[in-house]
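See structure below.
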Amino acid sequence: MKQFNELLASCNETAFDLRFTKAKNWKLAEKNRLLVGFLPIYFPREIVCAVNGLAVGIMGAGDRKQIIKGDAFYQSYICHLPRGIIEMALDDNLNHFDGFVFPAICDCVRNLSGMFKILKKGKFQRYFDYPQNFDPSIGGIFYRTEMERMVNDMFNINGVKVTVEGLNKAIKLYNRNRKLIETIYDLRQEFPWRLSAVETYYILRAGLAIPVEEHNKVLEDVIEEISNERGEPMDNIRVVVSGSFCEQPPIGLIKSIEMSGCYIVDDDFMLGPRWIQGDVASDTDDPFGALTKAYLNQSTFSSAVYDVGNPKGKRLVELAKRRNADGVIFCAASFCDPALLDRPELQKECDAAGIPHINFQFHENTGQFKVIKEQAGTFSDSIKLWA
Amino acid sequence: MANPKEAIKEKSMVIQKDMLAKQFHELSKAKELGKKVVYTFVPGNLTELILAFDMLPVYPEINALQSGMRKRSGSYIKDAEKIGFSEDVCTYVKCDIGMMLNGNVGPTGEKLPDPDLLLLSYTGCFTFMKWFENLERLYPGVEIAMLHTPYQEDGRITEEQISYMVKQLKEDVIPKMEKVSGKKLDYDRLSKMLENSVKAENLWVKILESAKNKPSPIDSYFAGVYYMGPLNTAFRGTDIAVEYYTELYNEIQERISQGLLPINPEGEIKEERFRLVIEGPPNWTNFREFWKIFYDMGAVIVASTYTKVGGLYDHGFRHEPDKPLESLSKYCMGCYTNLNLPQRIDLIEHYIKEYSADGFLINSIKSCNSFSAGQLLIMREIEQRCSIAVGFIESDLVDPRYFSYANIKNRLESYFQMLEQRKIIMQQEGVPV
Ligand code: SF4
Ligand code: SF4
C-alpha cells in the first residue's frame, strides 16, 4: 500500500511538473534523443517514439502557475489554455524541447502554432491537420503526408530514419498502453471506489511526460493494485464527464464532483492517449498505413472530428450506457467553441435517451468550487431520489 | 439636372441593391422555380461551381450579418442560447440558428428556402464545421458534402494539399452536386464563369489599390465591405458582377479625377486626416455609428484584412479557367483566415507600407477566435516592425451586448489624438507626413 501511495505521489508530481524534468532527463541521458511537445488532443506519438524521441503532452499550466505574460497575449474572451502555454514558453519551461505539434482542434491552437513560430520556440512548430475526409485514397493520403512531414522535421534534427521495425515496435508499445488504460477504466467501471477519478487522472497525465515503456509499467502496477479490494464503496451515482478534452479542469473540480457523490466512470480529460479504439496493426510492412487506417476507422468520437454519419451524441449515449452511467456532466472550458458548440446536440441526445445531465464551465485555474459542488451534489441527490 | 455627385454615388449601389433584391426574391421562389438550394460559407466558397449547376447559394454568415444590421440578431442570439448554446461561443452561429428557429426569414423579409445540399467548405475557421454539424441536425436527411481545406501551416500551399482538395472535389463534392442538381457538371460552363471571375477580380484589385492615392477615393473597410459583397458571395463568375465592378471602378476613377474623398452615409469626408490599416471584421449591429466615429474624425481606412476573407486577389491570386478545380482549391486555401500568423503579419506590414498608413488598428471580435487569437502578438510585431501607432478596440460581429459605443468612442478618440500628436512631432522634425 505504501508503495502504491508512493507511485500515486510520483504520478501526481510528474503529471504537474511544468518543467518536464523527467522528460528532459530522459533526453539528456543519451545522444540523439528528441523531445517533441504536443498539445491536446490526439497525436500519433508512435512516430516520435520510432525516431528515438519522446512525445510530451503539454496540457496547459492549469492552476499551477501564475499567468502574467500570457494574459498580455490573449483577450479576456479567449480560453485559458493557450495563455498558460505561452507563459510556459516565455518562462523557459519548454526549453530542451526540439519541436512542437499543434493538433487541429480549434483556431486558438491553430493560431498558437503561428505564435510559436514568431516567438521562435523549438526547431519546428507544426500545426498537425487531420483529414475530415475518411476515404483512404483521399483523407488517408493527406494524413500520411502530415505524419511524413513530422518525421522529416525530426530527421532534420537527429538524423534518425524511421524503419518498419522501429515503427511497428512503437505501435506495439502504444497498443499496450491503450489496452492497459482501458483495463483500468473497465475495472473502475465495476469498482469505482478502488481508484478515484483524481488518482486515475494523475496516472494518465503522468503518461504524457514519460517514455511509454515506463508508463506501461506504472499502469501494470496500478492494475495489480486495483484488482484487489481498495477503498470503500459509497452510495454514489455514476457519471460520465464530457467536454474537458483540451483545457483541463483543475484537480479541485474533479475532486468536487467526486466528493459531491459522483463516481466518474468515464471522461474525456485525457482523450488523446485513448483516441484510437482497439489495436493498431503492428506487424505490417506499412506501419504508416496502419496508423492511417486506425485514424480513419478507429477514432473515438470527438469535437475535433466531423461526425456526419456517426453522430457524437449517439456515441456519447452509447458510452454512458456501456459504462452503466446514471448521468452525464457536461464540463467544458469557458470560451471553448468546439466543446460548447457540441453541447446542445449532446444534451438533446441524452434527453432522448432519458439520461439526466447537468453542465458547467470552468477555467483551468478556477479556484472556487462551491457552486459546482452544490450543483453536482443536487444532481447526485436527485438521481438517487428519482431512482 | 441631377447632382453629379449623387449620380456617381448611386449607380453601382443601385446595381448592387438590385442584384441582392433579385437574389433573395429568386431564393424565396426557389422551390416553385425548381431550383436547388445550397447552403455554404463565404470564405473559400465555390460559387462558380454552384452556379454552374444552376443551383442557388445561401451564405449563413451573410444572413447573420444582415440580421445584425437589421437589429434582429440580439433576439436571435438569445433564442439560440435558450436552446442550450453558451454565451461564450461564436455569435454568427447563434444568430443563424436563432434566425432558423424564427422561420428563416431573410433580409428582404422573404422566407429563405430550406437547403437541398449542405456544402461545408470550412476555410480558415474551425467553428464552421461545428456550425454545419448543427445545420445538419436542423435539416435532417439533407445531402451533405464536405470540402476540408488544409491550413497554410507552412506559409504556402503545397502540391499535396492541392491534390487532396481536387480529389475531394472530384470524388465527393461534385458527384453530390450532380446528384442533387440532377445535372452533369459542364466544365465549359464552369470555365466561362471563371473567366468572368477573373474580369471582376482584376477590377476589384484596381479598386482596392485606388486607396494608395493620397487622398484615398475610397474607404477600404466600411465601404469596402459593400464593395466586396458581389465578388465574395453569389455573383462571382456572373456577367452582372463584371458589370457591377466596371461601374464601381469607373465611379472611383471619376472620384480620383475630381479629387473627391470617400463617401459615407452622410455625404463625403472633407479632409483625409488619418490613413489607417484595420485588422478584424467590423461590428454589424452598430455599423453606421461605428463608421461615423471614423469619418467624423477624417480617418480613412486605406486597407483592411477583412476584405480579404474572400481571397487575396491583390497578392496575385486569380481563378484559372483552364484549371478550374485546381484554381478553386487554391482559392479556398488562399483566403485571409487560412494564412498562418506570420503571413498575416507580413501582409499587414505590406499594407501599412504600400498604402502609406499613419496607423494600424485592430477591431478584435469576441466571437471569432479565427481572427482574434493571436491579435495581440500581431499588434506588438507590427508596432516593432513599422514604428507605427497601433490601436486596439473590442466589439462583436452581431451580439449587441458587446458593442459599447461610449467605450469604443473614447478609445478611438484617444487613439486619434495620439496620431495627431505624432503628426505634429514628425512635422516639427521635418519628417514628411
Ligand atoms: S480549450 Fe477549446 S477553445 Fe481553448 S484551445 Fe482548447 S479546444 Fe481550443
Ligand atoms: S469564428 Fe469567426 S470566422 Fe468562424 S464562423 Fe465565427 S465569426 Fe465566422
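Some points to look at:
- Conditions (1) crowded, with 23+ Cβ neighbours inside 10 Å; (2) part of a strand (DSSP E or B); (3) aromatic (Phe, Trp, Tyr); number of the one not met by B:Phe371: (2)
- Selection count, the range A:231-266, where residues are within 16 Å of ligand 1 (Cβ to nearest atom), of a type in the set (Gly, Ala, Ser) and more than 14 Å from every other protein chain (Cβ to nearest Cβ): 1
- Of all residues making up the range A:1-25, the number that are outside any loop (DSSP other than H, G, I, E, B), in contact with a strand residue (DSSP E or B) (Cβ under 9 Å, 6 or more places away or on another chain) and over 29 Å from A:Ala294 (Cα atoms): 1
- Within the range A:122-147, considering residues that are part of a loop (DSSP other than H, G, I, E, B) and over 29 Å from A:Leu35 (Cβ atoms), the one nearest to the other protein chains (Cβ to nearest Cβ): A:Gln132
- For the range B:22-38, the criterion of a residue being under 24 Å from the mean Cα position of the chain (by Cα), closer than 29 Å to A:Asp337 by Cα and either at pLDDT below 95 or not small (Gly, Ala, Ser) (or both) is satisfied by at least one position.
- None of A:Lys65, A:Lys31 is in a loop (DSSP other than H, G, I, E, B), under 28 Å from B:Phe371 (Cβ atoms) and more than 16 Å from ligand 1 (Cβ to nearest atom) except A:Lys65.
- In the range A:55-80, the residues that are closer than 28 Å to B:Thr149 by Cβ and within 11 Å of chain B (Cβ to nearest Cβ): A:Phe73, A:Tyr74, A:Gln75, A:Tyr77, A:Ile78, A:Cys79
- Positions within the range B:372-406 being touching a helix residue (DSSP H, G or I) at 6+ places or on another chain (Cβ under 8 Å), farther than 20 Å from B:Asn286 by Cα and in contact (Cβ under 8 Å) with a residue 12 or more places away in the chain, in sequence order: B:Gly374, B:Leu376, B:Leu377, B:Ile378, B:Glu381, B:Ile382, B:Arg385, B:Cys386, B:Ile388, B:Ala389, B:Val390
- Evaluating B:Ser121 against the criteria (1) under 22 Å from the mean Cα position of the chain (by Cα); (2) small (Gly, Ala, Ser); (3) more than 15 Å from ligand 2 (Cβ to nearest atom) leaves one unmet condition, (3).
- Scanning the range B:236-290 for residues that are of a type in the set (Gly, Ala, Ser) and within 30 Å of B:Glu413 (Cα to Cα), we see that the one that is surrounded by the most Cβ atoms within 10 Å (Cβ to Cβ) is B:Gly280.
- Residue in the range B:124-135 that is among the small types (Gly, Ala, Ser), within 27 Å of A:Ser303 (Cβ to Cβ) and at the interface with another protein chain (Cβ under 10 Å from one of its Cβ atoms) present: yes
- Scanning the range B:61-79 for residues being crowded, with 24+ Cβ neighbours inside 10 Å and either within 14 Å of chain A (Cβ to nearest Cβ) or on the phi > 0 side of the Ramachandran plot (or both) gives a total of 1.
- Helices (runs of 4 or more DSSP H) wholly inside the range B:42-149 containing at least 3 residues that are without any contact (Cβ under 8 Å) to a residue 40 or more places away in the chain: B:73-82, B:91-101, B:127-138
- B:Leu147 vs. criteria in contact with a helix residue (DSSP H, G or I) (Cβ under 6 Å, 6 or more places away or on another chain), more than 9 Å from chain A (Cβ to nearest Cβ) and more than 13 Å from ligand 2 (Cβ to nearest atom): no
- Filter result for A:Leu346 (aliphatic (A, V, I, L, M) and farther than 19 Å from A:Glu247 by Cβ): no
- Residues within the range B:358-368 that are assigned to a strand (DSSP E or B), within 12 Å of ligand 2 (Cβ to nearest atom) and more than 8 Å from every other protein chain (Cβ to nearest Cβ), tallied: 1
- Checked against (1) within 26 Å of B:Asp88 (Cβ to Cβ); (2) assigned to a loop (DSSP other than H, G, I, E, B); (3) more than 16 Å from ligand 1 (Cβ to nearest atom), B:Ile408 meets all criteria but (2).
- For the range B:139-165, the tally of residues that are in contact with a Leu (Cβ under 9 Å, 6 or more places away or on another chain) and closer than 25 Å to A:Phe116 by Cβ stands at 4.
- Any chance B:Glu160 is touching an Asp or Glu at 6+ places or on another chain (Cβ under 9 Å) and within 13 Å of another protein chain (Cβ to nearest Cβ): no
- If the condition is being touching a strand residue (DSSP E or B) at 6+ places or on another chain (Cβ under 7 Å), surrounded by fewer than 24 Cβ atoms within 10 Å (Cβ to Cβ) and among the aliphatic types (A, V, I, L, M), then the range A:332-359 contributes A:Ile355, A:Ile358.
- Of all residues making up the range A:108-133, the number that are touching a residue at least 40 places away in the same chain (Cβ under 8 Å) and within 16 Å of ligand 2 (Cβ to nearest atom): 3
- Filtered residue count, the range A:91-121, keeping only those that are within 16 Å of ligand 1 (Cβ to nearest atom) and part of a loop (DSSP other than H, G, I, E, B): 3
- Annotation: A:Leu119 fulfils all but one of (1) at the interface with chain B (Cβ under 9 Å from one of its Cβ atoms); (2) surrounded by 19 or more Cβ atoms within 10 Å (Cβ to Cβ); the unmet one is (2).
- Residue within the range B:165-187 that is within 24 Å of B:Thr233 (Cβ to Cβ), within 12 Å of chain A (Cβ to nearest Cβ) and acidic (Asp, Glu) present: yes
- Qualifying position, being over 18 Å from the mean Cα position of the chain (by Cα) and either away from ligand 2 (no atom under 15 Å from the Cβ) or within 14 Å of chain A (Cβ to nearest Cβ) (or both), among B:Val89, B:Val93: B:Val89
- Just one of the numbered conditions (1) modelled with pLDDT under 95; (2) within 15 Å of ligand 1 (Cβ to nearest atom); (3) more than 25 Å from A:Val212 (Cα to Cα) is not true of A:Phe134: (2).
- Counting the residues of the range A:333-367 that are within 14 Å of ligand 1 (Cβ to nearest atom) and either at the interface with chain B (Cβ under 8 Å from one of its Cβ atoms) or more than 30 Å from A:Glu87 (Cβ to Cβ) (or both) gives 10.
- Just one residue in the set A:Gly309, A:Gly243, A:Gly313 is small (Gly, Ala, Ser) and without any contact (Cβ under 8 Å) to a residue 12 or more places away in the chain; that residue is A:Gly309.
- Considering residues of the range A:34-54 that are within 13 Å of the chain's Cα centre (by Cα) and away from ligand 1 (no atom under 16 Å from the Cβ) only, the residue farthest from the other protein chains (Cβ to nearest Cβ): A:Arg45
The values are calculated or read from the model by the stated rules, or taken from the named source; none is laboratory data. It should be emphasised that the depicted structure is a prediction, and the values quoted were computed from it without experimental measurement. Using ideal geometry, Cβ is built from the backbone for each residue, glycine included, and neighbour counts are taken over all protein chains shown.
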